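See below for the structure under consideration.
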Amino acid sequence: MTLVRLSLSFTGFGPILADLPAVHAAEECGFDGLWYAEHICAHDAVVPATVYLRETQRLELALMGINPASRHPGAAAMELASLAEIAPGRVRAAIGTGVPDMVAKLGRSVDKPIAATVALHQALKAALAGTEITEEYPGFSFAHYQLNPPAAAPALDIMAVRPRMVQTAVRYADGVCLSAGASRTYLADTVAQVERLLAEYGRPRADFRISVVVPAVVSEDLAQARAQVASVLSTFDAPTLEYLSAGAIAPNALVTALASGRPAEVAQVLTGEVVDAMALVCLPEGVGEALAAYAGTGVDEIAIAPLMPPDQVPDLVKLLAANRPAPAAMA
């Protein structure tokens, strides 16, 4: 029986070296991969990926948030090729357009997210294949660019939330990376959409990976854990979070609460029940059941993003590894 892939995801805001014990624990406990999110004004993904790849022997490293606002796709392709050289077959990238507020810090904007994402994917794929590129893309261009391609080109996923970007991922990419804060209802519905589209495009389901980043706090103090997750979720774009919360938050409830500027109203929306639907928050003895609920949505990979102090994460990794779920169809 093949288990659902289990990975450890880092937000990009914490200290790089402080997470090394968790990285080592993931390697030792049989995790499948590491995910590292690039956030403008925090950490890039390339330097941490380099450190973590050199500290491990088998874990796949997925770089999240590669986008054309922060660097030219030609430079991004060079970085991915370099990583693939030092860790053949262990590099993956989840690409997208970036968070508008963060992109704006670089003086950039994204007017047509779908077109920009397709352009980025096509440019990276061509570059990593060693194709000579002379072409104008939306927002960037190449003139006689030709990369020395890596022996094993990194897989390219597309980060998606709404149906049109999910469809774009299915049409072009090697997989889709679904956002943190997604409810199990949203995930099950999106998996169904992906599988329907794969069939329409004639693409084998086994060749396409559906991954999800899951915020997690495992604690004996559930009230505090839920409050901590709610605090993080409240920083998300409200319409996006409402969409991800399918089955958990009433339409327009969070948008209205955040617009009020009153924390009490936000707290009335992000209740403990809502948080439980959108993250992995449980007692230590509940980890197996919580992981099984995510596996039951049909996703291929669960990337756990601990919202916990770094020194607590190695023990969390061991607990997660001891409770790895089987796929929904095999459970």
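Descriptive notes on the structure:
- Build a GNM of the chain with springs between Cα atoms under 10 Å apart, and of I95, I210, I133 the one that fluctuates most is I133.
- Within the listed set K318, K112, K125, the Gaussian network model of the chain (springs between alpha-carbon atoms below 10 Å) gives the highest mean-square fluctuation for K112.
- Cα centroid separation, region 274-313 to region 10-57 (Å): 19 Å
- When shorter helices are ignored and each DSSP H run of at least 4 residues is given -39500 (n - 2.57), the per-residue value for the chain at 222 nm works out to -12500 deg cm²/dmol.
- Between the residues G296, A238, F140, the greatest Cα displacement towards the positive end of the dipole of the chain, with unit charges on the Cβ of Lys, Arg, Asp and Glu, is found for F140.
- Antiparallel %, DSSP beta bridges [both residues in the chain], to 5: 10 percent
- Surrounding net charge for R226, when Lys and Arg each add one and Asp and Glu each subtract one, Cβ distance under 11 Å: -3
- Look at where the Cα atoms of region 172-231 and of region 121-141 average out, and the two centres are 29 Å apart.
- Residues whose placed amide H lies under 5 Å from that of Y137, excluding near-sequence neighbours: F142
- Put a dot 7 Å past the Cα of D237, heading toward its Cβ, do the same for A223, and the two dots end up 3.6 nm apart.
- GNM flexibility winner over the chain from L187, L106, L61 (Cα, springs under 10 Å): L106
- Per-peptide packing, taken as the mean over residues of other Cβ atoms within 10 Å, places 64-70, 252-258, 165-171 in the sequence 64-70, 165-171, 252-258 from highest down.
- Taking each residue as 0.36 nm, the span from D315 to T134 lengthens on full extension beyond its C-alpha to C-alpha distance by 60.1 nm.
- The packing ranking, built from the mean of other Cβ atoms within 10 Å per residue, places the peptides 279-287, 146-154 in the order 279-287, 146-154, highest first.
- Burial ordering of L53, L80, fewest other beta-carbon atoms within 10 Å first: L53, L80
- Partners for K105 among aspartates and glutamates (Cα-Cα distance below 20 Å; same-chain residues under 8 apart left out): E38, D44, D237
- Magnitude of the charge dipole, region 201-249, Cβ model with Lys/Arg +1 and Asp/Glu -1, debye to 20: 320 debye
All of the numbers you see were taken from the coordinates with simple rules; none came from a lab. From a predicted model like this one, the values you see are computed outputs, not experimental measurements. Here Cβ is always computed from backbone atoms with ideal geometry, including for glycine, and neighbour counts include all displayed protein chains.
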